[in-house]
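FYI, it's all coordinate maths here, none of it is from the lab. For clarity, every value in this text was computed on a predicted model and none was experimentally measured. Methodologically, a virtual Cβ is constructed for each residue, glycine included, from the backbone with ideal geometry; neighbour enumeration extends over all protein chains shown.
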Amino acid sequence: MVSEAQKYWNPLLETLPMENLRALQVKKFKRIMRWAYDHSSFHHRLYRDAGLEPGDIKTMEDIARVPKVEKSMMRDIQKKEPYPYGDMLCVPLEQVTEFHQTSGTTGQPVYQPDTWQDWEWWAEAWAYILYAQGYRAADRVFIPFGYNVFVAFWTGHYGAEKLGCEVVPGGVLNTEARILKMQELRATAMMATPTYVLGMADTARKKLGMNPATDLTIERITCAGEPGASIPTTKRRMEEAWGAKVYDHIGATEIGAWSYECLEQSGGLHVNEGLFLVQIEDTETGKIIEEPGKPGKMVITAFDRIAQPCIRFDSKDIIVWHEDQCDCGRTFRMIKGGVIGRADDITKVKGVLLAPTAIEEVVRGIPELGDEYEVIVEKKGDIDDISLKVELQPDAEGTKDRILSILNDQLRVKTNLRYNISFHPYGSLPRYDVKAKRFKDLRKDH
């Protein structure tokens, strides 16, 4: 039987009573705000212009008065010295040991410096995630990722090493070679985007004649980069394809790895409240939302990152507090269903708010359809038009009329919208190795 201490990476923090946890968060917020105020011209100017200094912050309510930082502000300061980070930098350039940048999917990439201390913090954040998902020193973890300037699974690699796992970097191998190497070494775990997890399974079946669920030894998969692992139909597809448990995690280059699903898989992801402060803000009023069930925009602070601090960062991610505590015993709160979408992705179509994740849930819930799809929103005259392209599985051609009826019905229920649905040959829609871009809004004002 597993003891209580063995259930958690950090038993003290992960089970800290709520009152003590909130007091610790205020204390750590004041510390990182003081650090930034004293060491960054950008933050000093930001807080001074708002009429605030670190000594003014005494309660959780006070924190909501602190100005937010947006990605556009980070892009602007990159034009200043010290190059290439600008005056948000809180340490001398010679203390920067790691460079990464955002993927640029929402605009010009943001550069992120980290000190060696920050890199240790990254590994610690990932240790919480992996330990909660059952990774242990006996695991052989395969990372099918082309190591690049994106932080992606770099930090997952170091977090796994911190747990004592053996890590096999997939690097420049192609998909077939990665699958064969996983088979040869009897890898027990891997990390990838949901798109690539499904793509690898498809490649194994179609090109190598292998069934990942029976011919490979993967027991657990940690996903990142897309919301798919928190969408029940997509998670089910991955788990069935690999015969493995699939776990979600959420992180970002400029924030850190802040949320994770645990072994209980209780329909929510824990916020690592020992290392981060997550606040949910009403998108209209700006007020902080504490009650469960009401979606809003995430504003997040990383308490211990010092080179380029993340303090009250407006992530644009839409999340909602879960109404329940997890049965795992952690006191860290959960968000329900992961990230619902981004404030700049959730858009009005024909007067209805549309979250692309709702379309994914419907498409991935129909076994006769392939994993890939594409949504295009455009104006036709004065009317919004939505096209949905899907692929039929090779042996499902005779079911097209029935699938069309199911798609129309379920999309109407889930999104309250009608779509122009077209079927395409299996394998004809774009494939992605890292982050997929399946939703395209071509309207001029979007």
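Calculate how steeply helix 18-39 sits against the longest principal axis of the alpha-carbon atoms of the chain, using the helix alpha-carbon long axis, and give the answer as 0 to 90 degrees to the nearest 10.
70 degrees
Antiparallel as a % of all DSSP beta bridges within the chain, to the nearest 5?
DSSP beta bridges in the chain are roughly 65 percent antiparallel.
Rank-order 247-260, 205-218 by packing density, defined as the average count of other C-beta atoms within 10 Å over each peptide's residues, highest first.
Ranking the peptides 247-260, 205-218 by packing returns 247-260, 205-218.
To test your reading of the geometry: what angle, between 0 and 90 degrees and rounded to tens, separates the Cα axis of helix 116-132 from the longest principal axis of the chain?
50 degrees
Could you check what % of the DSSP bridge pairs in region 347-441 are antiparallel, to the nearest 5?
Within region 347-441, antiparallel bridges account for around 60 percent of the total.
What length, rounded to one decimal in nm, is gained on full extension from GLU397 through to LEU185, with 0.36 nm per residue of separation minus their alpha-carbon distance?
Net length gain for the segment: 72.5 nm.
Return the whole-Å distance between the Cα centroid of region 168-186 and the Cα centroid of region 81-151.
About 23 Å separates the Cα centre of region 168-186 from the one of region 81-151.
Going Cα to Cα from LYS414, which aspartates and glutamates come in below 12 Å? Please leave out same-chain ones fewer than 8 positions away.
Filter leaves GLU360, GLU361.
Report the Cα-based extents of region 244-358 along its three principal axes, largest first, to the nearest Å.
That works out to 42, 37, 28 Å along the principal axes.
Which residue, chosen from GLY329, GLY296, PRO309, occupies the Cα position most advanced towards the positive end of the dipole of region 291-332, where the dipole is computed from +1 (Lys, Arg) and -1 (Asp, Glu) charges on Cβ about the Cα centre?
Towards the positive end, the residue furthest out is PRO309.
Considering only GLY86, GLY268, GLY156, give the residue with the highest GNM mean-square fluctuation for the chain, with springs between Cα atoms whenever their separation is below 10 Å.
GLY86
Taking Cα atoms, how many degrees apart are the long axis of helix 154-163 and the longest axis of the chain, rounded to 10 and kept between 0 and 90?
80 degrees
Step through the table entries LYS297/LYS437; LYS71/LYS297; LYS181/LYS207, compare each Cα-Cα distance with 18 Å, and write down the pairs that go over it.
LYS297/LYS437
For a Förster distance of 51 Å, can you work out the FRET efficiency between the beta-carbons of ALA137 and SER428, rounded to the nearest 0.05? Could the numbers behind the result be given before it?
Working: r = 44 Å, r/R0 = 0.86.
The pair ALA137/SER428 has a calculated efficiency of 0.70.
Which whole-angstrom value gives the distance between the alpha carbon centres of region 370-400 and region 52-77?
43 Å
Between the DSSP loop rule and a limit of at most 15 other Cβ atoms within 10 Å, which trypsin sites (Lys or Arg not before Pro) in region 218-312 are left?
For trypsin sites (Lys or Arg not before Pro) across region 218-312 that sit outside H, G, I, E and B with at most 15 neighbouring Cβ atoms in 10 Å, the list reads LYS287.
If r is the Cβ-Cβ distance from ARG75 to ARG34 and R0 is 35 Å, what FRET efficiency results, to the nearest 0.05?
Taking R0 as 35 Å, the efficiency between ARG75 and ARG34 is 0.85.
Add -39500 (n - 2.57) for each DSSP H run of 4 or more in the chain, then divide by its residues: what number comes out at 222 nm, to the nearest 500 deg cm²/dmol?
Calculated mean residue ellipticity at 222 nm is -9500 deg cm²/dmol.
Under 10 Å, Cα contacts only: if you run a Gaussian network model on the chain, which one of ARG136, ARG48, ARG402 comes out with the highest mean-square fluctuation?
Looking only at ARG136, ARG48, ARG402, the biggest GNM fluctuation is shown by ARG402.
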